[in-house]
Amino acid sequence: NHRAFAERGQAAARLSLGTPRRTAHCMFRGFRARGGGGAEGGVRSWRRRARRGAFLLCILVVAGAGMRHFSNRGAAHDDATYASRVYRVMFTGSAGGGSSTHPFAKSSTPESTRAAAFSDAYAAGTAIKPMRQSPRGAYHRPVILVIGDSLVQRGFARGGWVGSLANAYARTADVLLRGYAGYNTRWVRELMEHEPGLFPDKKDVAVVVLLLGANDAVLRTGRKHKYGVTVETYEANLRWILQRYDGKSTIKILCTPPPIDQEERLRITTEVRGMPADLLDRSSDRLAKFADAARGVARDTKGVTVADLHEAFKQAGLGWEKRLLSDGLHFTEQGQALAFETVSASIAAAKVNAKNALFPFAYDAPTHETLIGANNTDDWHGHLVVESGNVVVVER
């Protein structure tokens, strides 16, 4: 066979005088067949087979490692194993057993002791827990979604109620704001229909807070009449938005629109804008009807808890209009604080009946006390204050 292939190569070479392209083609075919001709062709064939075999072996090894990795991702681990594994990931300087410690730690606590401390914190619920459910949110933290109008958009202003909510859950959840000044429920619904990517999927949302109605309730004869909708439309839109987050484990908070200072809104219409009084944009009576409608939606929709801002503001004592509202509509810092207290209380009340496995939210990472180990002298001073010239430990 080798001799036959060699003769075919020689014949191709003889034809090469006038047809160089055919020569190359014929010689290629001759030497392609089972390694070419002669002893040298046999050696080439053996080397080619060896390379192919090694390549296939590498593919099999990589595929096997990948299968083992993904099959073990969902496996349950006991606390000690999990603690040790996370500890090694966080502190790459601690690669194995013995008494290796984090290079920046001032303590000589062995890694095994620290892993045990981490395990204790894990069991107590103060350290990160493995995600046994589907990951929540882009960064594997529960999402608290706040949807609304300018009362929500301004919620991240100085002392804002949404900012206070984010601060309260700083280590446990991501507060996502979707507030659009001037929007009513119809426009928010249209935005959610046509730009769904602006809003997270319901599988990622642990809590949704909805505050709309201040613009829906404007007077149909006033200067902002294009913003207003009927009470029936308002109710239907609220139900539609809440339906988007109807997961069994999702806590849904529906806020009633807070009351207004009608006297101040009339002053702005007539004195500031120079318009006639009959172009007043909002009235207390009409807004009260929308607050009642929101309460009815919360009452009739399963799994929805009401945060009654309307009632909370009216019960805030004499002069609440000027203390809580800056322009007869938007919140002052005191109004922001009351809104935060009311919404937080509603979330806490909803937790009691929630089937959300993520409540109470666990810390997203170990505390620094956990990482340095128990009884570590690095934190012996606690938090210090000076009282009358004396240093006093006020917290450990």
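A Förster radius of 35 Å combined with the Cβ-Cβ distance from Thr230 to Arg171 puts the calculated FRET efficiency at roughly 0.20. Note on Leu371: accessible area approximately 30 square angstrom, rounded to 10, probe 1.4 Å, nucleic acids and ligands left out. What the phi angles of region 218-229 give under the Karplus curve with 6.51, -1.76 and 1.60, with θ = phi - 60°, is a coupling list of 5, 5, 6, 10, x, 5, 10, 4, 5, 7, x, 9 Hz, glycine and proline written as x.
Place a point 7 Å from the Cα of His194 along the Cα-to-Cβ direction; which residues of region 235-268 have their backbone N under 13 Å from it? No residues fall inside that zone. For region 142-151, backbone phi angles converted through the Karplus equation (6.51, -1.76, 1.60; θ = phi - 60°) give residue-by-residue couplings of x, 10, 9, 9, 10, 10, x, 9, 5, 5 Hz, Gly and Pro being listed as x. Segment Asp292..Lys248, full-extension length gain: 13.3 nm, with 0.36 nm per residue of separation and the alpha-carbon distance subtracted.
Taking all protein chains as shown and a probe of 1.4 angstrom, Glu195 keeps an accessible surface of around 100 Å².
On a 18 Å Cα-Cα criterion, which of the cross-link pairs Lys289/Lys314; Lys203/Lys248; Lys314/Lys351; Lys203/Lys252 come out too long? Beyond 18 Å between Cα atoms: Lys314/Lys351. The slack in the chain from Arg299 to Ala348, taken as 0.36 nm per residue of separation less the alpha-carbon distance, amounts to 15.9 nm. In this rough spin-label picture, where each label sits 7 Å from Cα along the Cβ direction, the Val61-Ala337 distance is 6.6 nm. Across the protein chains, with a 1.4 Å probe defining accessible surface, the residues His330, His225, His368 rank His368, His225, His330 from largest area downward. Label positions at Ala181 and Ala54, each projected 7 Å from the Cα along the C-beta direction, are separated by 6.8 nm. A simple charge model with +1 on the Cβ of Lys and Arg, -1 on the Cβ of Asp and Glu and nothing else charged puts the dipole of region 258-301 at about 160 debye relative to its Cα centre. Taking amide H positions as modeled 1.01 Å from N, with prolines and chain starts lacking one, the residues under 5 Å from Arg141 and 5 or more places away or on another chain are Arg136.
The values are calculated or read from the model by the stated rules, or taken from the named source; none is laboratory data. For clarity, every value in this text was computed on a predicted model and none was experimentally measured. All Cβ positions, glycine included, derive from the backbone under ideal geometry; neighbour counts span all protein chains shown. Ligands, DNA and RNA are excluded from the accessible area calculation, which covers all protein heavy atoms including side chains. Shrake-Rupley method; radii C 1.70, N 1.55, O 1.52, S 1.80 Å.
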